[in-house]
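Here, each number is a calculation from the coordinates, and none is a lab measurement. Since the structure is predicted, the reported quantities are computational estimates derived from the model, not experimental observations. A quick note on method: Cβ atoms are made from the backbone with ideal geometry, for glycine too, and the neighbour counts reach across all protein chains shown.
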Amino acid sequence: MKLSLIHHQPSWTLQSSHVDAALTRLGGQLGPVRFRLGRRTVDPFSVASWCGEPGTERIQPPLLRPLRGDFFCMPFGSSAEDWRSEAHPPHGECANGPWKATAPINRDGVTKLTASFRTKIRPGKLTKTIRLIDGHSVIYQTHTLQGYSGPMSLGHHPMLDFIRNGTGHISTSKFRFGQVFPLPFENPAKGGYQALKPAATFRRLDSVPALDGSLTDCSTYPVREGFTDFIYIHHFDRPDFAWTTVTFPEQGFLWFSLKDPRLLACTAFWHSHGGRHYAPWNGRHRGVLGIEDLTSYFCLGLADSARKNALNRRGIPTVLQLNPRKPLVIPYIMGVAAIPKGFDRVLSAHPAGSSLTFRSHSGKSTICQVDLSFLKPATITP
């Protein structure tokens, strides 16, 4: 299949009536993605500023070379120790190695691209399928895990650009527990700085404890320039779906992600706003928010996720148990919707047939075409 050079990375492309997307060969990173909303185009995802700079090919780990959009992590995060005999790189082999893909297929208004990756550290096959549906400003992804056995942490890693798109307001479906990363997230001696209080718990995104003793607002971004932080929420168990949204009033659209919380139990928010002054970040990775839907013990890797930890003692799952005889499919939806003037931040998301209605605190609403049956177990087949 032919590759195109997009932001200095060999990539496959696919498109529908409302979406143009690219997938990098290295790490299987989905981005950039451009959505058509009427006569205009919006691009919510970030691309690291160092892409294509001299020496980029030597950056470690390799996942940082193309850093953009969304990618799948298995295991999620990185650990200082191996899990039994498994020594995984940060975010796993699939985030750091070359994928293989077949040419996109378009049939009856549905465009599908399939890519695959065979892991060696824990042998098995990972298949990524990206679907675009004409008329939908939405990306439908599945990752199918075949041949694997034992515990695994995993998740998606979308990254949004708040410099190009302006201030955004973050909302989520109800969550029952929130916590700041339990250890120091950055080390000033190495050029890293954080603003939030390690291990502090919270019940609202707009009231999170900071190191200086204050409560800070994590429901609006970008804020706290010069710092990098990581917070984590666990959604209530739901029979349908859990959601996260970011409203960009200046650009007149909202971004959303939808998931099955039985598979991706939590959402982490990685605030990357100039808090890392070591290479390749060099203080310039600013206004990026990772909205990472996952099942993992924060970003501490497989060893910490698989053993007893502070979260699974609370009943919060930090791994999924894989069975080589039963392939596991992880469905995931991301999309955008135009918003009317005065639409501030999302209050609720209500499904109705083949659409989803987002209502704002200000009383405004918007409707997006989306196939929610994609998330239902009856449709989750390898």
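With R₀ set to 30 Å, the beta-carbon distance separating ARG58 from ARG36 gives a calculated FRET efficiency near 0.20.
What separates the Cα centres of segment 2-32 and segment 234-274 is a distance of 23 Å. Taking square-rooted eigenvalues a ≥ b ≥ c of the alpha carbon gyration tensor, is segment 277-358 rounded, prolate or oblate, where a/c under 1.5 means rounded and, failing that, a/b exceeding b/c means prolate? Because a/c hits 1.5 or more and a/b fails to exceed b/c, segment 277-358 counts as oblate.
Which entries in the list LYS100/LYS125; LYS100/LYS120; LYS2/LYS100; LYS259/LYS364; LYS174/LYS308 go over 18 Å, if you measure between the two C-alpha atoms of each? Long pairs (Cα-Cα over 18 Å): LYS259/LYS364; LYS174/LYS308.
Taken about its Cα centre, the chain carries a charge dipole of roughly 660 debye when the Cβ of each Lys and Arg holds +1 and the Cβ of each Asp and Glu holds -1.
Setting aside same-chain residues fewer than 8 positions from LYS128, which aspartates and glutamates have a Cα under 13 Å from its Cα? Filter leaves ASP70. In this structure, ALA279 and ALA352 have a Cβ-Cβ separation that, at R0 = 51 Å, corresponds to a calculated FRET efficiency of about 0.55. Placing a pseudo-label 7 Å from each Cα along the Cα-to-Cβ vector at THR129 and GLU250 gives an inter-label distance of 4.0 nm. Rounded to the nearest 500, the 222 nm mean residue ellipticity of the chain from helices alone is -500 deg cm²/dmol, with -39,500 (n - 2.57) taken per DSSP H run of at least 4 residues.
Pull out a ≥ b ≥ c, the square roots of the eigenvalues of the alpha-carbon gyration tensor of segment 228-288, then state rounded if a/c is under 1.5, prolate if not and a/b is larger than b/c, and oblate in the remaining case.
Judged from the Cα gyration tensor, segment 228-288 comes out oblate (a/c at least 1.5, b/c at or above a/b).
Overall shape: oblate for segment 301-347, with the ratio a/c of the largest to smallest alpha carbon gyration tensor axis at 1.5 or above and b/c at least equal to a/b. Within the straight-line cut-off of under 19 Å between alpha carbons, the aspartates and glutamates reachable from LYS197 are GLU186, ASP206, ASP212, ASP217, GLU225, ASP229, sequence neighbours fewer than 8 places apart in one chain being disregarded. Projecting the Cα atoms of ALA115, HIS91, HIS271 onto the dipole axis of segment 4-379, where Lys and Arg carry +1 and Asp and Glu carry -1 at the beta carbon, places ALA115 farthest toward the positive end.
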